[in-house]
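Encoded as structure tokens, the structure appears first; notes follow it.
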Amino acid sequence: MSNQRKRPNGEREEDDEEDDAEGIGQWERAYVDDRSWEALQEDESGLLRPIDTSAIYHAQYRRRLRMLSAAAAGTRIQKGLIRYLYIVIDFSRAAAETDFRPSRMAIMAKHVEAFIREFFDQNPLSQIGLVSIKNGIAHTLTDLGGSPESHIQALMGKLEAAGDSSLQNALELVHEHLNQIPSYGHREVLILYSALSTSDPGDIMETIQKCKKSRLRCSVIGLSAEMFICKHLCQETGGLYSVAVDEVHLKDLLLEHAPPPPAIAEFAISNLIKMGFPQRAAEGSMAICSCHKEVKIGAGYTCPRCKARVCELPTECTICGLTLVSSPHLARSYHHLFPIAPFDEVPTLASSNDPRRKVGKSCFGCQQSLLGAGNKPGPCVTCRKCKHYFCLDCDIYIHESLHNCPGCESTHRPKSVSLMEE
């Protein structure tokens, strides 16, 4: 049958069935992309219940933690506390593809923002710079700096996809910037690549060897298929190459680059670095900010060497070149050198009468009950040193954010404090 019919005036019009089908497809697309049916499972009575993903996530987290602990057990691993990282984002026409909803470009910007905040939280002495690839040209969005807000603001103001991608131009640009970094700084490049090809003006193999000679550690996260040139780049420079299969996977791959990686053995040379601990400027005081060349009142810090005013910490004084930090920044950086050992899992099949579980009625961290339905012991972990019990959420929080065991800290209090309490 024909998909056309005549109007009274003799004209033909298309059948609306295809339009209706397209409309239904758009209405269903949100559910198809969300794949919400995969988050359901059938219980013993035959009813559909949502899957408890917290236990699955915790199992994946602990596997990763054990791998890192096993790798560090047999040897002393040196890590860089001062990192200089350039994030290269591919904003070519491939970034406008909608296999990641709403688009690759929007998803990259969203998770790069979260990564920048997490990076500075774990690496307070490090700096980040942003580079974009568009129309076959690499553009510097921000120079190396320690302000997450300035990076995020610059990134969100340049969300536009156009033209081809050029991996060589991006590597040449970041090489020019990172080649001036002092020897104690760890030079890293993280590339988010959307395209399936690269349009380069010269021999990219020479550029890769130049990056390797300058000790640039290049890592690539692909949003399409695997590419040989990206894999070769990571192998030559000691970086990591991976391809994201969905949005959650992309987020996990990005956050894996937040902790400092092991230093390259042949370049892991210990250095003494001069640092200054500036004082906060008095409220109401007026001075010219050396980083923005503007007159500012109140907020800011004074360099202890040249007395110049800077807006934020950590940074490098633009007048005398002294690295300016605060004592909390320095203290937080050492958590990666002395990590907490993974907690031991407590068997979930142990009965409540088991003597190992008598002291495990509640989590030592959040004080929430560790008993599940029917007063049966729920999943938990225990510290090897203090023997206190913790729930799964506190386990993740202690190892990823707190970096100190509350049980161990409470048992190592000074004697003077104990005497005062008595």
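Could you report the accessible area of residue 101 in Å², rounded to 10, computed with a 1.4 Å probe on the protein chains as they sit in the structure?
My reading of the accessible area for residue 101 is about 100 Å².
Could you give the size of the charge dipole of the stretch 275-334 about its Cα centre, using +1 on the Cβ of each K and R and -1 on the Cβ of each D and E, expressed in debye and rounded to the nearest 20?
100 debye
Sorting 186, 292, 329 by accessible area (1.4 Å probe), largest first, what list results?
Result of the area sort, largest leading: 292, 186, 329.
Quote the accessible area belonging to residue 184 in square angstrom, nearest 10, computed with a 1.4 Å probe and with ligands, DNA and RNA left uncounted.
Here the accessible area works out near 60 Å².
Compute the distance in nm between two label points, each set 7 Å from the Cα along the Cα-to-Cβ direction, one at residue 98 and one at residue 206.
Using points 7 Å along Cα→Cβ, the separation is 4.3 nm.
Which of rounded, prolate, oblate describes the stretch 83-267, given a ≥ b ≥ c as roots of the alpha-carbon gyration tensor eigenvalues and a/c under 1.5 marking rounded, otherwise prolate only if a/b is larger than b/c?
Numbers: a/c = 1.42, a/b = 1.13, b/c = 1.25.
Rounded is the answer for the stretch 83-267, as its axis ratio a/c remains below 1.5.
On a C-alpha basis, how far is the centre of the stretch 199-225 from the centre of the stretch 288-350 in Å? Whole number, if you could?
About 31 Å separates the Cα centre of the stretch 199-225 from the one of the stretch 288-350.
Please work out the FRET efficiency for the pair residue 285 and residue 409, using the Cβ-Cβ distance as r and a Förster radius of 41 Å; give the result to the nearest 0.05.
Working: r = 38 Å, r/R0 = 0.93.
About 0.60, to the nearest 0.05.
Under 1.5 on a/c is rounded, so check that first for the stretch 97-174, then, if it is not, pick prolate when a/b is larger than b/c and oblate when it is not; a ≥ b ≥ c are the square roots of the alpha carbon gyration tensor eigenvalues.
Details: a/c = 2.19, a/b = 1.29, b/c = 1.70.
Cα axes put the stretch 97-174 in the oblate bin.
Taking every pair of Cα atoms in the stretch 275-334, average 1/r, invert it to obtain the Kirkwood radius, and report Rg/Rh to two decimals.
Using only Cα positions, Rg/Rh for the stretch 275-334 is 0.97.
Beyond a 31 Å Cα-Cα separation, which of these cross-linked pairs lie in this structure: 158/296; 212/385; 79/293; 110/385? Intermediate results must be reported in sequence, preceding the final value.
Details: 158/296 28 Å; 212/385 43 Å; 79/293 35 Å; 110/385 40 Å.
Violating the 31 Å limit, Cα to Cα: 212/385; 79/293; 110/385.
To one decimal place, what orientation-averaged projected area in nm² is obtained for the convex hull of the Cα set of the stretch 73-136? Mind showing how you got there, number by number?
On the way: hull surface 26.0 nm².
With the hull built on Cα positions only, its mean projection is 6.5 nm².
Ignoring everything but the protein chains, give the 1.4 Å probe accessible area of residue 316 in square angstrom, nearest 10.
Taking all protein chains as shown, residue 316 has close to 80 Å².
Just the number, please: percent antiparallel of the DSSP beta bridges in the stretch 83-267, rounded to the nearest 5.
20 percent
Leaving ligands and nucleic acids out of the surface, order 391, 303 by accessible area at 1.4 Å, largest first.
391, 303
Compare 117, 217, 305 by solvent-accessible area with a 1.4 Å probe and give them largest first, with all protein chains kept in place.
If we order 117, 217, 305 from most to least accessible, we get 305, 117, 217.
The values are calculated or read from the model by the stated rules, or taken from the named source; none is laboratory data. Remember, predicted model here, so these are calculated numbers, not experimental data. Backbone-built Cβ (ideal geometry, glycine too); neighbour counts: all protein chains shown. Only protein heavy atoms, including side chains, enter the accessible area calculation; ligands, DNA and RNA are left aside. Shrake-Rupley method; radii C 1.70, N 1.55, O 1.52, S 1.80 Å.
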